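Each reported figure results from applying straightforward, stated rules to the coordinates on display, with no laboratory input. Nothing here was measured: the structure is a model prediction, and the numbers come from that model. Here the Cβ positions follow ideal geometry from the backbone for every residue, glycine too, while neighbour counts run over all protein chains shown.
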Amino acid sequence: MVALLGAVLCLALAPSAVPEGYSTVEHTPSEAGAQATQGAWLARSGFLLFGLAVFCLSVVKRGWPRSARYLHGLFGLLLLATAVYSQRPFVEGVSYDHVEDLLHSVAATAMGIVFVAGVLVVGWLRIPRWKLVDVVALASAVGIPIAMTATAGIDGLLQRVMFGIAFVWYGLEVIDTQRRTSFDMSG
């Protein structure tokens, strides 16, 4: 939970560390962590902490089938990859590594696919008692990327909503894990 909260803090503070011209409505969190961007370390630290939190959760989570644990573990590793491989700068005219930008895009796209698959597997276990947060997480992970391609100028806002929903989903899973662990130890 500490890593998850640390990730939220880093990603919330990241826009204040990057150069002027960055907009949380227009620019994505990845653009705050972009190559050759002053203060990018803060956004990258957020991705790193989020990835570590999810990977650790996938290792200790006892209510998920192995496939869900692998999928969410892979999601965590892909988040780590987005911290290592950064997107091109949002500032025009700055040189950057095109391969690194491509690797970031591939990791980010794969993250979305793996997240949807992982939530579906976990949700499948909950049938017929799906949680509302499962449905919202799935809808946002599919709908928001589509909305980002269909709209202009609000990618940052949309992606922050999607990240927020993912943080809530994983946070509730961490709380559930902590509750079950403390229950198992006391009774």
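Restricting to DSSP H runs of at least four residues, report the calculated mean residue ellipticity at 222 nm for the chain, -39500 (n - 2.57) per run over all residues, nearest 500 deg cm²/dmol.
-26000 deg cm²/dmol
Only counting other Cβ atoms within 10 Å, I'd like W169, W130 sorted with the fewest neighbours first.
Final ranking by Cβ density, sparse to dense: W130, W169.
Using the 10 angstrom Cβ neighbour count as an exposure proxy, how do R129, R88, R44, R180 rank, fewest first?
Lowest count first: R129, R180, R88, R44.
Which of S67, S58, S30 moves the most in a Gaussian network model of the chain with Cα springs under 10 Å?
Highest fluctuation among the options: S67.
Using Cβ contacts closer than 10 Å as the measure, can you line up C56, C10 from fewest to most?
In increasing order of surrounding Cβ atoms, one gets C56, C10.
Select from L42, A53, S95 the residue farthest towards the positive end of the dipole of the chain; place +1 on Cβ of Lys and Arg, -1 on Cβ of Asp and Glu, and compute about the Cα centre.
The listed residue farthest towards the positive side: A53.
For the chain, list the DSSP H helices whose alpha carbon atoms reach 24 Å or more along the long axis and whose average Kyte-Doolittle value is 1.6 or above?
Long hydrophobic helices here: 40-60, 132-150.
Gap in Å between the Cα centre of region 26-105 and the Cα centre of region 1-19?
If we compute the Cα centre of each part, the gap is 13 Å.
From the C-alpha coordinates alone, can you work out the Kirkwood hydrodynamic radius of region 97-150, in Å?
One decimal place: 12.4 Å for the Kirkwood radius.
When a/c is below 1.5 the answer is rounded, else prolate if a/b is larger than b/c, else oblate, so apply that to region 126-184 with a ≥ b ≥ c taken from the square roots of the Cα gyration tensor eigenvalues.
Taking the square roots of the gyration eigenvalues as a ≥ b ≥ c, region 126-184 is oblate.
Looking only at V91, V18, V174, which one moves most when the chain is put into a Gaussian network model with springs between Cα atoms under 10 Å?
Greatest mean-square fluctuation among the candidates belongs to V91.
Full extension from A110 to I175: what is 0.36 nm times the residue separation minus their Cα-Cα distance, to one decimal in nm?
Here the answer is 20.8 nm.
Rounded, prolate or oblate: which fits the chain, taking a ≥ b ≥ c as square roots of the Cα gyration tensor eigenvalues, rounded meaning a/c under 1.5, else prolate when a/b beats b/c?
Note, shape of the chain comes out prolate.
For region 86-178, what number results from the quotient of the Cα radius of gyration and 2.2 N^0.38 Å?
Expressed relative to 2.2 N^0.38 Å, the Cα Rg reads 1.29.
In a shell of Cβ-Cβ distance under 13 Å around S95, excluding S95 itself, what net charge do Lys and Arg (+1) and Asp and Glu (-1) give?
With Lys, Arg at +1 and Asp, Glu at -1, the net is -3.
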